[in-house]
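The values are calculated or read from the model by the stated rules, or taken from the named source; none is laboratory data. Just so it is clear, the model here is predicted, and its values are computed rather than measured. No Cβ is skipped: glycine too gets one built from the backbone with ideal geometry, and neighbour counts run over all protein chains shown. Only protein heavy atoms, including side chains, enter the accessible area calculation; ligands, DNA and RNA are left aside. Shrake-Rupley method; radii C 1.70, N 1.55, O 1.52, S 1.80 Å.
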Amino acid sequence: MFQLSNASFSHGSLSVLHDITLDIVEGEKVALVGPSGAGKSSLLSLLWQQNPEQVALCPQESGLVNILSVYQNIYMGGLSRFSTLYNVLNLIRPWASRKRDIAAICQQLGLSDKLFVSPDKLSGGQRQRVALGRALYRQQPIFMGDEPVSSLDPEQGDSLLSEVLARHSTAIVAIHSPELAIKHFDRVIALQQGRVIGDWPTADISVATLEDVYRDA
Amino acid sequence: MKFRSVVAMVVALVASSMMSTAALAETFTFTAIPDADESRLNARFGKVADYLSEQLGVDVKYIPVKSYPAAITAFRNDQVQLAWFGGLSGVQARELVEGSEAIAQGYEDQFFKTYIIAHSSTGIEAADALQDSVKGKTFTFGSKGSTSGRLMPEFFIREHFEAAPDEIFSRVGFSGDHSRTIAQVQSGVFDLGAVNYSVWDTELKEGKIDTDKVKVIWTTPTYPDYQWTIRGDVDARYGEGFKQKVTDALLNMKDEDLLASFPRASFVPASNDDYAPIEATGKAIGLLD
Amino acid sequence: MRDTHSTGAGLRTLSLWFALVAIIALFFADIFLYQPDPWIELSRIGTGMVTPYWPDISELAISALHTISFALLGVAVSACLGVLLAMWFHWRAVRVFSAVIRSVHEIFWGLLFMQVFGLSALTGLLAIIIPFSGIFAKVFADIFHQQPATAVNTMGQADRLSRFIYGWIPQAWPALSSYVRYRFECALRSSAILGFIGLPTLGFHLETAFRQGDYSEAAAVFWVFLLIIGTVRFWLYKRFLPFYVLAAIFLLPEMPPVNASFIWQFFTQDLWPVPLQQGDLSGTLSWYGRVVSDEVIPALIQTIAITQAALVLSGVLALMWYPFASRWLVGRFSLIGRFKLLVLRSVPELMLAYLFMLLFGPSALPAIFALALHNGGLIAFLLANHSEDAADTQRIDSASGVVRYFYQDLPQRYPAFLALLFYRWEVIMRESAIMGVLGIATLGFFIDSAFEEIRFDKAFFLILVAAMLNVVVDSVSRRVRRAAGLTTPRM
């Protein structure tokens, strides 16, 4: 499904990824781990480019539009499913059926009372949930997230992550917490300084292995 | 950096203003706004300055101005000592500068007149008097301070209808310029307009006017217009008899190239009294106190 | 006014209120639609634009240099004064003073100073420096206000000047210098427009040629002006600035002598009505009463009505145009959009108004369109810059096309858009006052008439009225921006 062989990537003159060879097949749930600056975000965007149409993306810069309501921000995940006219009219007055869909998503996210609040009035954790909501409303088989639950409290992060993973057949998620990586994913890829330093089935490793990855950096 | 530049600038400003004050002290300066064709004023009136300089034996400089009020201001502030004014602006200027005099006018200015022009869509035909059909139309004067574009036509219109222009017409505009009055009436922006006859005749000759679209519907009676006005203190500053020398130089200007700048056939003698009717009219209309 | 739940809904309500006011204003504005027959004139203008011609290149070059000199010196001096004023902007007196000096249009300052200093460099410089200092003061104060106070708080009880020199100014430097750069473009326009009243800048030739229908010559001047404005960033280098300023001083036109007694007479006599000078109280009251009832009240109604209508139309046009000038939204077609905006913001409003008068006849309509096109073009230009600058931070999976504009860029730009529009409010008010030359009875019409009639007492009084109106608008704009939570956008 996603393949990279000897891929490199640089940001301006700064080289970010070196010599990456990867193969991710359908149905896999992959966690990307590594210290910040290791190249996780760049790797995600490289992978995203291979199949942008089928991916529900939840990047670190959440891309929330501050003055639009939570409803519209989540609706943005579905823009490509509807016609331009339908989208523009929705901006003026939300369609009743879409409102139902999105209210349901908000309920799951614990944002039921915030449907028509704008994100600039929300806390960091709430904003992150809106960004997750947008990815859910993409309704695509593949989920790619970049620290999608980092601002949530551990319990809530844990349950939302399982919810998100349950709804997508394939997932690639950069994640900071070794516990979450081991608990929710089938495979863990560790990055350091732009190189893959480990690629294990979750069954083969422990939390301690991953903690080493962070410590070595 | 900023601070030093500021100091340098202040010093330079003061120095340059002092230098130019010294340099200008003996220069005789004049200004002129022709009633038609204001292009390349410096080049055209530079030649007039050269002519005057030769005749008067002093440095003569021309400075271009944009409007009658600017010319009046320059005259009052003694930045020019001689100016080619319109009828009304001459009266205004002489009121502000004691002892100043009208010394010469254009040959044509003895019997100047204004055309009232109309767009063809109004259906108004030429006649000996203004017709009642002009009422309710839109109307544009030229510049607000112009004698031929504002003062005299307004006077004759008031006299005829015994009402102010904005009571007679549905809208009264000021195009700012004779050429533009013609352009605006020709384009139907205004139904009617008041225009200096010599500008109309010139543009008609040059083929700039489409007579299917715009034509003259009435000609005002004649009145005195443009004149040369000189400050009263020039004899004291440039030598006894200087005013007379300037007057003679103007009256003797025969070079058609120079005269074409104004444009006038020749200059003839004039006096302040020649403009008494203009003054009276200005007061009647409320443009002068 | 501010919606506690959704910022967007709050801003939408605010926008709709302004639109409503604008629609009501249309009923008060002197609007009438005529059907002129402009095609001969328009085709002459069109032909002129593509066949620029100027017989004497050195004449044009000199006025171009004068234009740049006035602008450069004007901005250099007024930026320094603006910083000084901004330091004490917490004093009401300074705020009011700044509001008053910027509330008078450059042309009116020019006309006033011309009575004293004649057609000299000083007149031109003061006409730019005075209003620009007031504008700088306001914007700089806003910029300082938005800086985090952490650095300055570490300085303890340092005096105000030190806190600015070591804290606020260095901290705000990028914002300050980017605003000065933007203002330089405005100064070039102001400098050119001062030519309309006789200063030896490009406007002098532009106005004459345009007024006389020499459209090829007008076009030559206009294209030169456009070239100067369009290429500022290629020749205005910071490190050469001292050199430029020095050169500008030497390039200024020479100063005619100034007679001190006229200055004295002007300020003590010319500006005041005769009955006031004679101590005749009832005469003074009746003089002011007459001016107020005959001129001030009708003029205020027109000025406000035109301003409100033009304000909203500027906003609508800006939102319609800016996407076409943003590379992020339309790709390389943005070059065409940028050129269009360059033309729109460079053409002096009075000329736009004249073009619209040819199309729609003489009424407030051409004035509204001209103000809206010019200011809309300017705001669109700034928004397009914001849009391009934000492109790097947009999500990689951003939508494309129309949806990208409506769901992402427009809502992201909207707060800055409203802030820019409210900043522009007083500018539009100032400019609507000078639309009087079209024969629409705004304040500018009566001020212009008073100057023409050499009635400086009346002109001065009307200018004061215009200034007060501007001060009011400025304070309303400030309150609205604060209530809506809008901050000073980058310009």
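Picking from residues in segment A:114-130 that are in a helix (DSSP H, G or I) and within 10 Å of chain C (Cβ to nearest Cβ), the one that is least open to solvent (accessible area, probe 1.4 Å) is A:119. For segment B:216-237, give me each residue that is of a type outside the set (Val, Ile, Thr) and surrounded by fewer than 19 Cβ atoms within 10 Å (Cβ to Cβ). Residues satisfying the conditions are B:221, B:232, B:233, B:235, B:236, B:237.
Consider segment C:389-400 and keep the residues that are more than 7 Å from every other protein chain (Cβ to nearest Cβ) and open to solvent by 40 Å² or more (accessible area, probe 1.4 Å). The one that is farthest from residue C:480 (Cα to Cα) is C:400. The combined condition, being β-branched (Val, Ile, Thr) and outside any loop (DSSP other than H, G, I, E, B), is not fulfilled by residue B:211. The criterion of being among the hydroxyl-bearing types (Ser, Thr, Tyr), out of contact with any Leu (no Cβ under 8 Å at 6 or more places or on another chain) and within 20 Å of residue C:62 (Cβ to Cβ) holds for residue C:190. All conditions in (1) open to solvent by 10 Å² or more (accessible area, probe 1.4 Å); (2) small (Gly, Ala, Ser); (3) within 30 Å of residue C:451 (Cα to Cα) hold for residue C:416, with the sole exception of (3). Quick check on segment A:61-80: of everything there that is assigned to a loop (DSSP other than H, G, I, E, B) and not β-branched (Val, Ile, Thr), which residue is farthest from the other protein chains (Cβ to nearest Cβ)? Only one residue tops the list, namely A:64.
Within segment C:31-57, the set of residues being open to solvent by less than 90 Å² (accessible area, probe 1.4 Å) and under 17 Å from residue C:363 (Cβ atoms) comprises C:31, C:34, C:36, C:37, C:38. Comparison of C:365, C:319 shows that the only residue that is over 30 Å from residue C:401 (Cβ atoms), assigned by TED's automatic domain parsing to the domain that holds residue C:436 and open to solvent by 10 Å² or more (accessible area, probe 1.4 Å) is C:365.
Restricting to segment C:322-340, name every residue that is aliphatic (A, V, I, L, M) and either under 21 Å from residue C:415 (Cα atoms) or surrounded by fewer than 17 Cβ atoms within 10 Å (Cβ to Cβ) (or both). Answer for segment C:322-340, where residues must be aliphatic (A, V, I, L, M) and either under 21 Å from residue C:415 (Cα atoms) or surrounded by fewer than 17 Cβ atoms within 10 Å (Cβ to Cβ) (or both): C:325, C:329, C:335, C:336.
Scanning segment B:142-160 for residues that are surrounded by fewer than 20 Cβ atoms within 10 Å (Cβ to Cβ), out of contact with any Pro (no Cβ under 8 Å at 6 or more places or on another chain) and not aliphatic (A, V, I, L, M) turns up at least one hit. State all residues of segment B:182-216 that are within 12 Å of another protein chain (Cβ to nearest Cβ) and β-branched (Val, Ile, Thr); if no residue qualifies, say none. Once the filter is applied, which keeps residues that are within 12 Å of another protein chain (Cβ to nearest Cβ) and β-branched (Val, Ile, Thr), segment B:182-216 yields B:182, B:185, B:189, B:199, B:202, B:209, B:214.
Does residue B:266 meet the test of being open to solvent by 10 Å² or more (accessible area, probe 1.4 Å), in the same structural domain as residue B:94 (by TED's automatic domain parsing) and either out of contact with any Cys (no Cβ under 8 Å at 6 or more places or on another chain) or modelled with pLDDT of 95 or more (or both)?
Criteria met by residue B:266.
Among the residues making up segment A:6-23, those that are open to solvent by 30 Å² or more (accessible area, probe 1.4 Å) and modelled with pLDDT of 85 or more are A:18, A:19, A:21, A:23.
I need the full set of residues from segment C:103-137 which are away from every other protein chain (no Cβ under 14 Å), open to solvent by less than 10 Å² (accessible area, probe 1.4 Å) and not hydrophobic (A, V, I, L, M, F, W, C), in order please. Across segment C:103-137, the qualifying residues are C:103, C:131, C:134. Helices (runs of 4 or more DSSP H) fully within segment C:294-357 that include at least 2 residues being farther than 24 Å from residue C:25 by Cβ: C:327-330, C:334-346. If only residues of segment C:148-164 that are part of a helix (DSSP H, G or I) and more than 17 Å from residue C:90 (Cα to Cα) are counted, the one that is most open to solvent (accessible area, probe 1.4 Å) is C:153. Here residue A:15 qualifies as out of contact with any strand residue (DSSP E or B) (no Cβ under 6 Å at 6 or more places or on another chain), farther than 30 Å from residue C:413 by Cα and in a strand (DSSP E or B). Look at segment B:275-287: where a residue is open to solvent by 30 Å² or more (accessible area, probe 1.4 Å) and a partner is β-branched (Val, Ile, Thr), sitting 6+ places away or on another chain with Cβ atoms under 8 Å, you get B:279/B:91. Taking the stated definitions as given, is residue A:26 within 10 Å of chain C (Cβ to nearest Cβ) and part of a loop (DSSP other than H, G, I, E, B)? Against the criterion (within 10 Å of chain C (Cβ to nearest Cβ) and part of a loop (DSSP other than H, G, I, E, B)), residue A:26 does not qualify.
Residue C:267 falls short on exactly one of the conditions (1) assigned by TED's automatic domain parsing to the domain that holds residue C:119; (2) surrounded by fewer than 19 Cβ atoms within 10 Å (Cβ to Cβ), and that condition is (1).
Checked against the criterion of being of a type outside the set (A, V, I, L, M), over 30 Å from residue C:123 (Cα atoms) and within 14 Å of chain B (Cβ to nearest Cβ), the candidates C:283, C:289, C:279 yield just one match: C:283. If only residues of segment A:81-104 that are under 19 Å from residue A:63 (Cβ atoms) and more than 10 Å from every other protein chain (Cβ to nearest Cβ) are counted, the one that is surrounded by the fewest Cβ atoms within 10 Å (Cβ to Cβ) is A:81.
Checking the stated criteria, residue C:311 turns out to be open to solvent by less than 10 Å² (accessible area, probe 1.4 Å), touching a residue at least 60 places away in the same chain (Cβ under 8 Å) and not acidic (Asp, Glu).
When A:139, A:107 are checked against the criterion of being surrounded by fewer than 22 Cβ atoms within 10 Å (Cβ to Cβ), more than 13 Å from chain C (Cβ to nearest Cβ) and at positive phi, A:139 stands alone in meeting it. Scanning segment B:56-79 for residues that are more than 9 Å from chain C (Cβ to nearest Cβ) and surrounded by fewer than 24 Cβ atoms within 10 Å (Cβ to Cβ), we see that the one that is farthest from the chain's Cα centre (by Cα) is B:57. For segment C:419-453, filtering for residues that are part of a helix (DSSP H, G or I), open to solvent by 10 Å² or more (accessible area, probe 1.4 Å), within 14 Å of chain B (Cβ to nearest Cβ) and of a type in the set (A, V, I, L, M) leaves 3. In this structure, does residue C:12 turn out to be more than 8 Å from every other protein chain (Cβ to nearest Cβ) and free of Cβ contacts under 8 Å to residues at least 24 places away in the same chain? When the stated conditions are applied, residue C:12 passes them.
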